[in-house]
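These notes are about the structure you will find just below.
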Amino acid sequence: MEIPKKVQDQLVQYQQLEQQLEALYMQRTQTSGQIAEVKNAMEVLEKAPEDTTVFQASGNILVRQPGRSSVIADLKDRLELLEVRLKAIGKQEEGLRERYGSLQKDISNALKGMQAG
């Protein structure tokens, strides 16, 4: 019994969706880790005195900052950006999961139809 071309195409799509979901999972995990790091850095800086010497990474070098408040402001901006990114990843993931589930049903129904026929 040969699998119809339509079902073969659906199986390929299914595998592609699976790979996309894996990639999004990795992005979500990475972004969540970055959020945790930024929050931790902000917490440490907020407890430190204002005149604490702070260095901030800029590419491959560390640059001395005049005080902690400018670094905290940069971290807040970064946190906001990361949270927006995490939401976007979540929405993308949700849409892919819906397509994945729908495709899974379609493939299952087609294979059941082949067995019955």
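Can you list the lysines whose alpha carbon is less than 21 Å from that of K5, not counting same-chain residues fewer than 8 positions off?
Cα-Cα hits under 21 Å: K105, K112.
Project the alpha carbons of the stretch 39-105 onto their principal axes and report the range along each, largest first, in whole Å.
Largest to smallest, the principal-axis extents are 61, 26, 14 Å.
Please give the helix 5-47 orientation as an angle from the longest Cα principal axis of the chain, in degrees from 0 to 90, rounded to the nearest 10.
So the inclination is approximately 20 degrees.
In Å and from the alpha-carbon atoms only, list the Rg and Dmax of the chain.
Taking only Cα atoms of the chain, I get Rg and Dmax of 23.6, 79 Å.
Under 13 Å from the Cβ of L86, count the other residues' Cβ atoms, weight Lys and Arg +1, Asp and Glu -1, and hand me the total.
Summing Lys/Arg as +1 and Asp/Glu as -1 gives +2.
Cα axis of helix 68-116 to longest principal axis of the chain: angle in degrees, 0 to 90, nearest 10?
10 degrees
Mind checking the full-extension length gain between Q13 and N60? Use 0.36 nm per residue of separation minus the Cα-Cα distance, one decimal, nm.
12.8 nm
State, as an integer percentage, the relative contact order of the stretch 6-117 based on alpha-carbon contacts under 8 Å between residues 6 or more apart.
35 percent
Net charge near Q15, counting Lys/Arg +1 and Asp/Glu -1 over other residues with Cβ under 12 Å of its Cβ?
My count for the surroundings of Q15 gives -3.
Taken together, the values in this text are just the output of simple stated rules run on the coordinates, not laboratory data. Keep in mind that this is a model prediction, so the values were computed, not measured. Every residue, glycine as well, gets a Cβ built from its backbone with ideal geometry; the counts of neighbours run over all protein chains shown.
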